[in-house]
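Presented below is the structure to which this report refers.
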Amino acid sequence: MNAMILLNTLMPGQVVLEYSYLLSAIMFVIGLKLQSHPETARKGNFWAASGMILPMITTLILNRNGEGEGIGLVNVIAILLIISAGTVVGAIMARKVKMTAMPQMVSFFNATGGAASAAVALIEYIKNPGQAVLVGLLGLVVGSIAFSGSMIAYGKLDGKVGDIFSKVMTYVNLIFMAVIVIVILLVLFGGFDVQSRTYLVYGLLVLSLVYGVSFVMPIGGADMPVVISLLNSLTGIAAAMAGFIYQNEAMILGGILVGAAGTILTLQMCKAMNRSLINVIIGSFGGGGASHADVQGSIKEITLSDAAVLLSYSQKVVIIPGYGLAVAQAQHIAHELDSLLGSKGVEVKYAIHPVAGRMPGHMNVLLAEADVPYEQLVEMDDINPDMPNVDVAIVVGANDVVNPAAYDDPGSPIYGMPIIDAHLAKNIIIMKRGMGKGYAGIENFLFFNDKTRMLFGDAKGTMTKLVSEIKSM
C-alpha cells in the first residue's frame, strides 16, 4: 500500500526511472547467477552489463533535480563523451591483455572504481561543506583505500612493487585504522567551523590513501588472491556509499551486490588459506622469510618416453595447474593431453586450488577458455581424499599450492595453508622451466620427494612433445 501511494505521488518519468532501477537489480542478480558456471559466465556478463547500461540511459533521459529541472544538455554531452572514451580504452585493454596479466587488470579496475567513489564523496562534500554525513565520509575512506590498495596490488602482481615484511607494519596499520575512526568522529561531532572541518576531511583522504598502501605492502606470496578479493568487495561497498549520497537505487543495489559477493569470496578465500579476515585487514600475514627446515633428498628427472609410458598405462591421472600454465599459455595442449589419455581409458581430472594463479578462479577461467569440461575440474577439498589412489600427479607450473612445507615447516611463510596433496600420489611429474621458486619465494619440498620426477622445459613445448610421444606409442 505504501509503495502504491509513493508511486502515485511520482511524476510519470520518475515512475519509469524507479522501475528501471528495479529491473536493473533483477538483471544484476541473474548475471551473478549465470556467472557461477563457466558455460553460462559469458551470458552472465552480458546480463550484468545490460543491468548497468539500463539505469545509465534512463537516468540521463529522465532524471530531474529537486526543482524539477533536467541535468542539462551540456552535462549529458560531457557524460556521453567520457563514457565513450572509457569504453574505447576499456575495450582496447580487454582485447590486448594476456590471461597471465588478468589479475593486474582486475586490480586496476578495482582501483578505478574506488577512485570514482572517493571522488564522488569528496566533490559532494566540497559542494556542501557544512553538511558532512557519515555515509559520505565512509565512501571517501573506503573508496580511497580501495584505490591505493588496488594500485599497490597491481604493482606487486606486475613485479613493479616489492614487499615490506615487518611485524611493525601490523601495529602501524592498527594505528592508521584508529586514527581514521577518530578523524571521522571529529568531523561529525567535533563542532569545528567549516574551514577546520574541511582540513580534517582532506586529512582523512590522505590517511585513507596511505593506509591502503600500508595494508597491502606486507602481503605477498600465495596470499595475494585473498587481498584482490577483499579490495573488490571494498570497491563495491564504496559504490554503494556513492549511491546513498546521490540517493540512486541502482548504484546502491549494484554496490551492495558487488560488496556482498566480494565479501563472501574473501571469507571463502580466508578459509581456503587458513587465515582470518582481521589479519587481511591489518595486513599482518603473507610475509616473507625463508624456510627454516633443511631440504632432504635429491632432484631426479624423467625422459619424455618414460613419462609417456607411465601416463599411458595409468588408471588415474590428476593434472595440477598453476601460474606457470598460464604463462606458457598451455591450457589448450593440456586439454589435448587429457583427451588423448581419456581415449586410452585413463581417468583424468584437474585439481584446482582456490588460490592457484594470481586471483580467485584464475585456473577455472583459463581451462574454460580451452573448453575443458567443467566436470573435470575438481576443487582441492574434493580431490585431496582421492590423491593416494592417483597413479600420476602432473604438476604444471604450480608451486606454493603443492608445497608440503605448508604441513612440515612451522618456519615457512605458507605454514598452515591448505595445499593439494600431490605428495600422496603414487608418482609425481613436475613440469617446470627450471628450479625457480614460487611466488612465496621459498623452496618447494615436493621437488625432492622420492616419488617426484622433474620434466624440465616450457610447459607448452614439453606437453606438445609429450602428446606426440604418446601418439607414437
Yes or no: LEU311 open to solvent by 10 Å² or more (accessible area, probe 1.4 Å), modelled with pLDDT of 80 or more, of a type outside the set (D, E, K, R) and on the phi < 0 side of the Ramachandran plot?
no
With the checklist (1) in contact (Cβ under 8 Å) with a residue 60 or more places away in the chain; (2) farther than 28 Å from LEU230 by Cβ in hand, flag the one item ALA370 doesn't pass.
(1)
When the range 308-352 is checked residue by residue, the ones that are β-branched (Val, Ile, Thr) and part of a helix (DSSP H, G or I) are VAL309, VAL327, ILE333
Counted residues, the range 130-157 - those being surrounded by 14 or more Cβ atoms within 10 Å (Cβ to Cβ) and modelled with pLDDT under 85
4
Would you confirm, using the coordinates I've provided, whether VAL348 is open to solvent by 10 Å² or more (accessible area, probe 1.4 Å) and at negative phi?
yes
I'd like to know if the range 288-306 contains one or more residues that are in a strand (DSSP E or B), modelled with pLDDT of 80 or more, surrounded by 19 or more Cβ atoms within 10 Å (Cβ to Cβ) and not hydroxyl-bearing (Ser, Thr, Tyr).
no
Of a type outside the set (D, E, K, R), at pLDDT 85 or above and surrounded by 15 or more Cβ atoms within 10 Å (Cβ to Cβ), is that true of GLY86?
no
Considering only residues that are touching a strand residue (DSSP E or B) at 6+ places or on another chain (Cβ under 9 Å) and of a type in the set (Val, Ile, Thr), look in the range 314-341 and name the one that is surrounded by the most Cβ atoms within 10 Å (Cβ to Cβ).
ILE320
Which ones in the range 450-472 are over 27 Å from GLY159 (Cβ atoms) and open to solvent by 40 Å² or more (accessible area, probe 1.4 Å)?
ASP450, LYS451, ARG453, THR464, LYS465, SER468, GLU469, LYS471, SER472
Tell me the residue from VAL227, VAL216, VAL210, VAL201 that is open to solvent by 10 Å² or more (accessible area, probe 1.4 Å) and either under 15 Å from ARG358 (Cβ atoms) or not hydroxyl-bearing (Ser, Thr, Tyr) (or both), please.
VAL210
Would you pick out the residues in the range 368-398 that are closer than 18 Å to GLN329 by Cα, open to solvent by less than 20 Å² (accessible area, probe 1.4 Å) and touching a His at 6+ places or on another chain (Cβ under 8 Å)?
ALA370, VAL372, ALA398
Among the candidates VAL365, VAL401, VAL355, residue that is hydrophobic (A, V, I, L, M, F, W, C), within 20 Å of LEU157 (Cβ to Cβ) and open to solvent by 30 Å² or more (accessible area, probe 1.4 Å):
VAL365
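The values are calculated or read from the model by the stated rules, or taken from the named source; none is laboratory data. Everything numeric here is computed off the predicted structure, so don't read it as measured data. Backbone-built Cβ (ideal geometry, glycine too); neighbour counts: all protein chains shown. Side chains are part of the model used for accessible areas, which takes the heavy atoms of the whole protein and leaves out ligands, DNA and RNA. Shrake-Rupley method; radii C 1.70, N 1.55, O 1.52, S 1.80 Å.
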